[in-house]
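Below is one structure; the comments refer to it alone.
All of the numbers you see were taken from the coordinates with simple rules; none came from a lab. Small disclaimer: the values here were computed from a predicted structure and weren't measured. Here the Cβ is made from the backbone with ideal geometry for all residues, glycine too, and neighbour counts use every protein chain on show.
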Amino acid sequence: MTTATAAALHPAQRRILTVLVAAQILSGAGLAAGITVGALLAEDMLDTTSLSGLPSALFTAGSAAAAAMIGRTSQNRGRRTGLAAGYAVGALGALGVVVAATIDNVTLLFIALIIYGSGTATNLQARYSGADLATPGHRARALSTVLVATTLGAVVGPNLVTPLGTLARSWNIPPLAGPFLLAAVAYGAAGIVLWTLLRPDPLLTARTLDDPDTPRPGRSTVASATSADNRRLVLLGAAVMVLAHLVMVAIMTMTPIHMQHHGHSVGAAGAVIAVHIASMYLPSPLSGFLVDRYGRMPIAGASGLTLLAAGLVAAFAPPQSGVLLAIALGLLGLGWSLGLVSGTAIITDNTSLVTRAKIQGLVDVTIALAGAGGGLASGMIVATGSYTLLSLVGGLLAVILLPLLALATRTNSTSPSGGHQPAHEPPLDQPLSSASRTEGPRSGRSPARSGRRNE
């Protein structure tokens, strides 16, 4: 039995996905809170629009540092420890934002937003856990199951902006800080769920199911003949997610500001953001199916085209039309979903269990930094230009994906190693023994040996 097949039959996979789904439902509310009111809170405290993109930049920068921490911790101690710690830090940051807004301390606000970013990083890192025990042909669908669970909390969260603001006011807390109270509770609860219930650990379990010939830390190995191709594909997967995330964050961050400046209420902005976040996560099962069925590269290309459409609709929608802005933000979320699922699948396909979590963490660092840059630049572009300009630039930037994908596809099709394997085949760089790489599945493994590996 191959490693992939053994993993598919592991009884823990269903339980692991159930626990991850429960945690993502909770954390989704915390994720949406900062997105909805972060820019508005900064504009209120700083009394300027040009820096209203700073909160997004700060908590995205914080998520970059947290992604590296979570990836390294998961690599050494497993997903359970890494994810639970990430959510605990995110909850602490959310409480810090509430305190900063209450005492009107901008410095504390900035520090707290950086810490709050840990929750965002953890929410995204959780998707990798769903794919640890999945076969290559079902990885995209497994990780999309985790992603879609964020939808419920993420949609409910923005629509609680008004009642949470009223509650905060009754406690002598600025109304815009109210959603961060929800974030603190949501992230804390998600961390508790993962710490207590994510057993067995998916990454550690996958390692025990891995081939005994797989290299371990400290063991000298000979590099795979396809390692250069794998590095190139990992970089490509990262590029897909970086561009999708940068464009999404930039346009999303300034949409509530754009709407408020044209007479829309905070509740209306929250509803549009709810549509956006639902479009980020709700189509995840479809994204996963398309990626597994039609391949990583075509769906990554579809991501770029969808983001372009989102930018065009946002740029030319009348500012008074909440419906058209909701459509634009819906397309923006869908394009992000297609890019995230396809890019994640590319990276997971081309990393081994020995280094997978660490590499995934480093990739998410790059994604988060791109988002931080997009959030910071978005406020400056709108202040010096317009929301229309921002949307056009974002849409055009997204189509950079197309030549990159075309080049990668052409290179892979002509490479001696054969390039990227179909979704149903093992990952290119899975460091199995030479026999397993050249002879395919080994059905002759003795039951006794298989039993010892699963003990």
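Roughly how far apart, in whole Å, are the Cα centres of the range 315-376 and the range 392-411?
14 Å
Using 0.36 nm per residue, how much length does the chain from residue 192 to residue 77 gain when fully extended, once their Cα-Cα distance is taken away?
Length gained, residue 192 through residue 77: 39.7 nm.
Pop a pseudo-label 7 angstrom from the Cα along the beta-carbon direction at both residue 103 and residue 407 and give the gap in nm to one decimal.
5.1 nm
Of 292, 132, how do they rank once you tally other Cβ atoms within 10 Å and put the fewest first?
292, 132
Can you tell me how much longer the chain between residue 167 and residue 389 gets when fully stretched, taken as 0.36 nm per residue apart minus their C-alpha distance, in nm with one decimal?
Contour length minus the Cα-Cα distance gives 76.2 nm.
Going by how many other Cβ atoms sit within 10 Å of their own, how do 246, 95 line up, fewest first?
Ascending Cβ contact count within 10 Å gives the list 95, 246.
All other residues with a Cβ under 15 Å from the Cβ of residue 341 taken together, and with Lys, Arg as +1 and Asp, Glu as -1, what is their net charge?
Combined, the nearby Lys, Arg, Asp and Glu give +2.
Within a 10 angstrom radius of the beta carbon, how do 27, 321, 287 rank from fewest other beta carbons to most?
Exposure proxy ranking, most exposed first: 321, 287, 27.
Any chance you could list the semi-axes, whole Å, largest first, of the equivalent ellipsoid that the Cα gyration tensor gives for the range 317-369, using √(5λ)?
Taking √(5λ) for each Cα gyration eigenvalue gives 34, 11, 5 Å.
Please give the length that would be gained between residue 316 and residue 380 if that part of the chain were fully extended, namely 0.36 nm times their separation in residues minus their C-alpha to C-alpha distance (nm, one decimal).
Roughly 21.1 nm would be gained on extension.
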